[in-house]
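Where a number appears in this text, it was derived from the coordinates with a stated rule and is not lab data. Remember, predicted model here, so these are calculated numbers, not experimental data. Ideal geometry is used to build each Cβ from the backbone, glycine not excepted, and the neighbour counts take in all protein chains shown.
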Amino acid sequence: MVEKISTSQQNNILPYNNKQNIKNNTSSESIFLENALQEVKNNQGFLGKFWNGTKEFFNVGLSASDCENMLDKYNSGEISFSEALECIEDFSQKQQNIVELESNILTGVGAIAMATAATAAGPISWGLAIAKGAPIGAILKSGIKMLDRATNDTENDTFDAKQIAKDAISGAMTGATSAVSSGVGVGIKNADASLSILNGAKCGLICGAASGTGSYVTDVAFGDKEFDMGDFAKNTLTSSLVSGTVGAVVGGGMYASASLKGNIGSQTSQTLSETIVSDSTTSTARKVLGRAEQDLITL
C-alpha cells in the first residue's frame, strides 16, 4: 500500500498550474511519487505482474503505464500532486484486490477438484467439504500467496507469519465453501428452473455468511480490527445477501444455458472432469460477482 504523504509535505507542493516552475521539477514531491509507484511495481509478484501485463496488452483498466503517464502530467503541470498520488494508490489497491481474487479462485478450483475426486463426481456434503476442501484450501491459498510474494522485486523482502496464518484460515474457508457450492444441477436434471435458482440462492447465502463471518473473525483475532457486534452482523448479513443473490442468478443462468443446449432433464451423468469444471464455474462466478470473501474485483 502506498504510504500517505503528510499534510506538511502537501502544503509545500509547488502550485501545479505554475508550469514554468514545475517543468524541471526535481522536488521532493516528484521524487516521492516516483518512489511510491516504483514501490507498488516492486511489490507485484507473478499474479500482479500477469494482471498488469494483461491490462497493458489489451489497454484496459488502470495499469502501471497509466500511472507513469499521470506522473508525466504532474511534472508538466497538467494535474495536481493529489491527483497523481490518488492514481498510484488506486492502482496499488486494485492490484491487491486481483491478487486476492486470483488466489481465491485457484484455491476454490483446487478444493473442488479434490472433493469431487473423493466423491467420484457425486454430491459434496458439508462434512466432506470441511474434511477435504478446508485443508487443501488452507495449503493452496497460503502457498499461492507465498509464491506470489517470493516472485516480487522487493529486495530483502521477508515473509509475514501473521499474513501466512491469515491466508491459511481464509483458504480453509474458501476451500470448504467452494467445494460445497454445487447443487444447481439438480434443477436442470429435474427440469425445474425454480429448483436451480433456489439451490443457487441457498448455497450463496450459506457460503456468503460463512465467508463474511470467517473473514471478520480472522481480522479481529489478528488485531486488525476491534470487534463490534453491529459491524460484525452487518458484514455477515451483507456478504450473505449479496452472495445469495448472485447464487440465484448463477443458478438461473446455468439452467438457461442448459435449456439452450437441450440438456434439460438429461439423466446422463457427468464425467469427473465435467463436474469439476461445472462446479468451479459456479463457485468462480459467485466469487467474481458477489464479493463473497474480499473486495469486489475492479480493473
Most exposed first by the Cβ proxy, i.e. fewest other Cβ within 10 Å, how do 260, 140, 101 rank?
260, 101, 140
For segment 225-255, listing chymotrypsin sites (Phe, Trp or Tyr not before Pro) in a DSSP loop whose Cβ sees at most 12 other Cβ atoms within 10 Å gives 227
For 30, 142, what's the fewest-to-most ordering of other Cβ within 10 Å of each Cβ?
30, 142
Would you mind ranking 246, 217, 109 so that the residue whose beta carbon has the fewest other beta carbons within 10 Å leads the list?
217, 109, 246
Among the aspartates and glutamates, select those whose C-alpha is under 19 Å from the C-alpha of residue 166, and discard any that sit fewer than 8 residues away in the same chain.
100, 102, 148, 157, 219, 224, 226, 293, 295
Those aspartates and glutamates that a straight Cα-Cα span of less than 19 Å connects to residue 132, excepting residues fewer than 8 apart in one chain:
167, 279
Exceeding the 23 Å Cα-Cα cut-off - candidates 202/225; 141/234; 49/94
202/225; 141/234
